[in-house]
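Notes to accompany the following structure.
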Amino acid sequence: MKLQSLVDKATQYSDMTVAVAAAEDEEVIEAVTMALDHQFGQFILYGDRERISHLLKQKDEDYQKNGKVQIVHANSAVQAAELAVKAVHLNEANVLMKGNIPTAMILKAVLHKEYGLRTGNVLSHVAVFEVPNYDRYIIVTDAAMNIAPDLEQKMQIVANAVSVAKAIGIEMPKVAPLAAVEVVNPAMAATIDAAALTMMNGRGQLKGCIVDGPLALDNAVSVIAAEHKGIAGEVAGKADVLLVPNIEAGNILYKSLIYFANAKVGAVIAGAKAPIVLTSRADSAESKLYSLALAVCSASK
């Protein structure tokens with residue numbers, strides 16, 4: 001599956017509005033203009049008006065004339081984050097995007113008790129990968145938010161990932177809670193949580209998906225590897241969602257897919273009132289575009 005298909009899907013939602021906090025960043029403006037070129041989304045850009053206007057004009061002066069871009073001046077990154085989050089809180093925007101601002105600063109606004117985007121659920125990072133020569137998307141969660149989630153948090157992380165998977169057209173996501181082995185080992189907490197999640201899914205506590213684990217990475221994504229180990233089931237070798245046991249495993253898997261497998265990625269933070277595009281400065285404009293498309297598709301649901 002190609003992430004370009006998410007961009008194509010996002011064009012169905014041209015009325016979706018994205019609030020960008022501290023938009024005075026060349027890569028962010030590049031992603032915004034790419035989205036406009038693909039005819040999806042409207043944008044409210046919060047930050048230094050003069051710098052944002054200058055960056056837009058470097059691309060094309062028409063971007064400010066087509067009614068799809070609005071610039072709202074903010075005197076600081078803190079104020080830009082507050083204004084952008086408030087816009088989503090007040091339903092003036094459907095998606096929040098991080099610009100040239102520290103992650104901690106925008107998350108502080110997101111979690112604000114009065115105007116934030118809390119829902120009572122865990123916030124989690126959901127990354128959708130296009131892996132070369134692979135026949136489907138691979139969704140990895142959680143590689144960036146929750147350090148060592150407990151069972152309750154993992155339930156919510158799965159629910160967030162399932163919601164995103166459904167938004168991009170995976171009707172019944174297959175979820176593999178990953179561990180180092182495929183059997184329950186009392187000395188390995190990840191295997192116990194995986195077995196519990198599998199049982200909860202079977203009893204209807206985790207809905208809208210199929211969960212089976214523990215599974216090691218090879219037999220979660222490779223039918224051949226699963227067959228060699230005699231592992232059967234609906235998820236073995238066919239997983240759509242890979243639930244990692246902790247942030248270290250997620251971070252390593254995420255970066256391995258990008259740097260070793262040349263995978264492309266789009267990612268959002270799910271679990272808030274609206275999807276959050278929380279990209280890194282190291283991410284390319286193309287990756288930011290895919291993340292925007294993913295967020296718009298998720299917001300539509």
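Some notes on this structure:
- Rolling a 1.4 Å probe across the protein heavy atoms gives the chain an accessible surface of 45 Å² per residue.
- Shape class of the stretch 124-260 from the Cα gyration tensor (axes a ≥ b ≥ c, square roots of the eigenvalues): rounded, since a/c falls below 1.5.
- Set of aspartates and glutamates with alpha-carbon distance to residue 57 below 19 Å, sequence-local pairs under 8 removed: 24, 25, 26, 27, 30, 37, 48
- Highest-first arrangement of 9-17, 233-241, where packing means the average Cβ count within 10 Å: 233-241, 9-17
- Electrostatic tally near residue 123: other residues with Cβ closer than 11 Å to its Cβ, Lys and Arg +1, Asp and Glu -1, net +1.
- Of 166/229; 207/238; 2/68; 2/59, pairs whose Cα-Cα distance is over 21 Å: 166/229; 2/68; 2/59
- CD proxy at 222 nm, helix term only [per DSSP H run n ≥ 4: -39500 (n - 2.57); per residue of the chain; nearest 500]: -12000 deg cm²/dmol
- Length-normalised contact order for the stretch 119-162 - Cα pairs under 8 Å, 6+ apart - percent: 41 percent
- Normalised by the number of residues in the chain, the average gap of Cα pairs under 8 Å and 6 or more apart makes the relative contact order 23 percent.
- Looking at the chain, the DSSP beta bridges with both ends there are about 30 percent antiparallel.
- Think of each Lys and Arg Cβ as +1 and each Asp and Glu Cβ as -1; about the Cα centre, that makes the dipole of the chain roughly 500 debye.
- Carbon + sulfur, % of accessible area of the chain - ligands and nucleic acids excluded, 1.4 Å: 51 percent
- Candidates per GluC sites (Glu not before Pro) in the stretch 108-154, loop by DSSP, up to 13 other Cβ within 10 Å: 114
- The stretch 156-209 and the stretch 44-104: distance between their alpha carbon centers, rounded to Å: 37 Å
- When you restrict to C-alpha pairs under 8 Å that are six or more residues apart and normalise by the size of the stretch 75-131, the relative contact order lands at 33 percent.
- Square roots of five times the Cα gyration tensor eigenvalues for the chain, Å: 36, 20, 16
The values are calculated or read from the model by the stated rules, or taken from the named source; none is laboratory data. A quick note: this is a predicted structure, and the numbers were derived from the prediction, not measured. No Cβ is skipped: glycine too gets one built from the backbone with ideal geometry, and neighbour counts run over all protein chains shown. Each accessible area value is taken on the protein alone, full model and side chains, heavy atoms only, with ligands, DNA and RNA left out. Shrake-Rupley method; radii C 1.70, N 1.55, O 1.52, S 1.80 Å.
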